[in-house]
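Contents: one structure, followed by commentary.
The values are calculated or read from the model by the stated rules, or taken from the named source; none is laboratory data. Everything numeric here is computed off the predicted structure, so don't read it as measured data. Backbone-built Cβ (ideal geometry, glycine too); neighbour counts: all protein chains shown. Ligands, DNA and RNA are stripped out before the accessible areas are found, and what is left, the full protein with its side chains, is counted by its heavy atoms. Shrake-Rupley method; radii C 1.70, N 1.55, O 1.52, S 1.80 Å.
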Amino acid sequence: MHVFILSASADSAARAAGTLERSGYATETFETMAEATAALPGSPRAAAVLIGFAPAEVTDYAEALRAASPAHLPIIAGATTAARIRATLEAGADDVFDPRSPASLLARLAVAERSADGRELIANAADAIFSLSPDGHFTEVNAEAERLTGYPRDELLGMHFSRLATEEYLEPLRSRLGEKLSQSPADGQQAGFI
């Protein structure tokens, strides 16, 4: 995985790059958003690490980086307090790490890599795959799901599953979804078939 580092501090960027490179990651450090967004189109498997930015800045960086990325780009931002972690996640970061701990950054990147592997598996699956939010809205679909439903991805995302079900299947699907949600772990993550 290629890691793009944007930091408010050159020292913090250098420390993060050193840690990541010693662990086998390819890194690039940028001082400006324009430099980072220009480099993204050639990096289909990448993550962005933001260090030392306020939540409002995380929002701006996350939007610009994702708009420039050819594929899903995980945004991992540094935060140390509970309030700052919450605000950073609400601002658009996919994950947070403790900037004082190199192990924290490495762990969060490992999670991003596993997620990328899963996204690739889903994207290339021969079967239609839909991921639902707890309230029944599509949060992820693959190309086969688009072909099967006739809807493009951007229309399917956020759509409630009931719009695709016929009346005879709607109640059994709602019931099965309710069962799955009642079995879900506390963090809301659930894999399975409905």
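Points worth noting:
- Within the range 49-73, residues that are within 12 Å of residue 92 (Cα to Cα) sit with their Cβ atoms under 9 Å from residues that are among the hydroxyl-bearing types (Ser, Thr, Tyr) and assigned to a helix (DSSP H, G or I), at 6+ positions apart or across chains, in these pairs: 50/61; 50/88; 54/88; 55/88; 58/88; 64/37; 65/37.
- As a summary of the residue check, residue 47 satisfies the conditions (1) in a helix (DSSP H, G or I); (2) modelled with pLDDT under 90 except for the one numbered (1).
- Looking at 140, 146, just one residue is at negative phi, assigned to a helix (DSSP H, G or I) and surrounded by 14 or more Cβ atoms within 10 Å (Cβ to Cβ), and that residue is 146.
- Flag not set for residue 110, criterion: at pLDDT 90 or above and either over 20 Å from residue 8 (Cα atoms) or open to solvent by 30 Å² or more (accessible area, probe 1.4 Å) (or both).
- Tally, over the range 154-166, of residues that are surrounded by 12 or more Cβ atoms within 10 Å (Cβ to Cβ), modelled with pLDDT under 85 and not hydrophobic (A, V, I, L, M, F, W, C): 0
- Qualifying residues in the range 121-136 (those that are within 15 Å of residue 173 (Cα to Cα) and over 17 Å from the mean Cα position of the chain (by Cα)) - the one least open to solvent (accessible area, probe 1.4 Å): 136
- Residue 116 falls short on exactly one of the conditions (1) over 22 Å from residue 153 (Cβ atoms); (2) open to solvent by less than 40 Å² (accessible area, probe 1.4 Å); (3) not in a strand (DSSP E or B), and that condition is (1).
- Restricting attention to the range 19-36 and to residues that are hydrophobic (A, V, I, L, M, F, W, C) and either assigned to a helix (DSSP H, G or I) or open to solvent by less than 40 Å² (accessible area, probe 1.4 Å) (or both), the residue that is farthest from residue 100 (Cα to Cα) turns out to be 34.
- The condition of being in a loop (DSSP other than H, G, I, E, B) and either closer than 20 Å to residue 119 by Cβ or of a type in the set (Gly, Ala, Ser) (or both) holds for only one of 71, 39, 62, 16, that being 71.
- Identity of the residue in the range 85-107, small (Gly, Ala, Ser) and open to solvent by less than 60 Å² (accessible area, probe 1.4 Å), that ends up farthest from residue 53 (Cα to Cα): 107
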